1. Which value in nm describes the separation of the simple spin-label points at T235 and Q136, placed 7 Å from the Cα toward the beta carbon?
2. What distance in nm separates the simple spin-label points at I167 and T277, each placed 7 Å from Cα in the Cβ direction?
3. Mind checking the full-extension length gain between Y64 and W249? Use 0.36 nm per residue of separation minus the Cα-Cα distance, one decimal, nm.
4. Using 0.36 nm per residue, how much length does the chain from L307 to S16 gain when fully extended, once their Cα-Cα distance is taken away?
Amino acid sequence: MIFSTLEHILTHISFSVVSIVITIHFLTLFLLVDEVVGLYDSSEKGMIVTFFCITGLLITRWIYSGHFPLSDLYESLIFLSWGFSLIHMVSYFKFKKRKNNLSAITAPSAIFTQGFATSGLLTKMHQSAILAPALQSQWLMMHVSMMVLGYAALLCGSLLSVALLVITIRKAIKIIGENNNFAFSFGKIQYMNERSNVLLNTYFLSSKNYYRYQLTQQLDRWSYRIISLGFIFLTIGILSGAVWANEAWGSYWNWDPKETWAFITWTIFAIYFHTRTNTNLEGVNSALVASMGFLIIWICYFGVNLLGIGLHSYGSFTLN
């Protein structure tokens, strides 16, 4: 009873704090008042509080359930929210002296996943239950934690690529409009991307556009780093899952819906890295692939659970 109450309190505190963080981000985005009232520092502290609250929530659930809290969709969503917070914490302490724009991605992601997890749709999963026989293995922590952390990193990196794509397209539309040429195509965007140095000396002379250029470079660099980390986690998760599957079901690979979509996700981001190695394809093209990967991840992580079939059906989504 005490652990359940503590879990409830930590859940509400973390959800409330991250809601305030998002409100602060909207204020700094539309009102530009962060320099005046120091709202940016408050949002950073809020994400730190959120991280420790979710950490306490997971530890509490681990203690009173007797197993690592990754046995169902509810627990994996809470862990995914913790993963978003962890990514923010790493970036915050790495670039403590500089403004960390990554919280504009991690904070909404954390509140979305945690908000859905604590909604009435998953009420039946809020109470910890005895592990299914297939989950009673030491591979549970290794496999599922790596997969969920991989999803968290890949989702953050993909969202950064989406932001890069939006800024680039808006820039392209503006330049094309100024030249009285409204024929819009991704080919022209790519052409502009290849001539970034020329644009830097011509179009980016103003401080505003030079800042936009720096922002796109930063987004591209950050998305590559975070996706690289997520890809490593995903690879480890798939390999450990294959070993676990062989122990539990007698086969390394069964083409289960979850396994199939995990392989598709891995392939998409392998293509992303291929585009990064080709200087003619990096930038806009790699951002397009990563944006596609964002949708694939959600199909793999959540969409497959809607089916409630296959060997991974214990993590399926059920309505009350």
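1. According to this spin-label approximation, the distance is 3.5 nm.
2. 2.8
3. 63.7 nm
4. Length gained between L307 and S16: 101.6 nm.
Where a number appears in this text, it was derived from the coordinates with a stated rule and is not lab data. Not measured: the values here are computed from a predicted model. Glycine gets a Cβ as well: all are built from the backbone with ideal geometry, and neighbour counts include every protein chain shown.
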